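Visitor: Before I ask anything, here is the structure I am working with.
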Amino acid sequence: MSSASSSVRRIAATVLAAGAVVGAAALPAAAHDGHHQRPRVEISRVQADSPGRDDHSNRSLNDEWVEITNTTRDAINLRGWTLRDDDGNRYRFDNVRIAGRATIRIHTGNGRDTRTDLFQDRREYVWGNRADTAILRDDRGRTVDTESWGRRHH
């Protein structure tokens, strides 16, 4: 019976070890769920070249925009976040909350901010029609996402 009991002990140890490995493998995934997850906000679309002639009208300036999407279920406050281009033009978000699974559009020209549209209140175009990079940084200056088109300037 001693060989049978040692076999049972070996099998039990193997099962326990396998369970520990499976549990350890599942732990990192569980640790990233919930509120400890880094906000997932991304640049989802860019319209760098407004349709028609670049006549510097407010309408033309506002037809140049960047869309930012919150891919999480929870609202995220973008206070202190920035959106900038290769030339150093920078837009700083004030007390802007982006709802879960929502998209906001940041226009270049003048306008009245709403839940879905923000305005940089500029009189000049920001985004290069042929090439540029949109850089989204969080309130600590960490790059969250970038979107480039054309030949990069760097």
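Visitor: Anything in segment 126-143 that is in contact with an Asp or Glu (Cβ under 8 Å, 6 or more places away or on another chain), farther than 23 Å from HIS56 by Cβ and open to solvent by 20 Å² or more (accessible area, probe 1.4 Å)? List them, or say none.
Guide: ILE135
Visitor: Spot the failing condition for ILE135; the list is (1) under 19 Å from GLU42 (Cβ atoms); (2) modelled with pLDDT under 95, and only one is missed.
Guide: Single failed check for ILE135: (2).
Visitor: Tell me which of these ARG123 doesn't satisfy, since it passes every other one: (1) in a strand (DSSP E or B); (2) in contact with a Leu (Cβ under 9 Å, 6 or more places away or on another chain); (3) open to solvent by 80 Å² or more (accessible area, probe 1.4 Å).
Guide: Tallying (1) in a strand (DSSP E or B); (2) in contact with a Leu (Cβ under 9 Å, 6 or more places away or on another chain); (3) open to solvent by 80 Å² or more (accessible area, probe 1.4 Å), ARG123 fails exactly one: (1).
The values are calculated or read from the model by the stated rules, or taken from the named source; none is laboratory data. In this text the structure is predicted, and so the values were computed from the model without any measurement. Methodologically, a virtual Cβ is constructed for each residue, glycine included, from the backbone with ideal geometry; neighbour enumeration extends over all protein chains shown. Accessible surface is based on the protein model in full, side chains and every heavy atom, while ligands, DNA and RNA are left aside. Shrake-Rupley method; radii C 1.70, N 1.55, O 1.52, S 1.80 Å.
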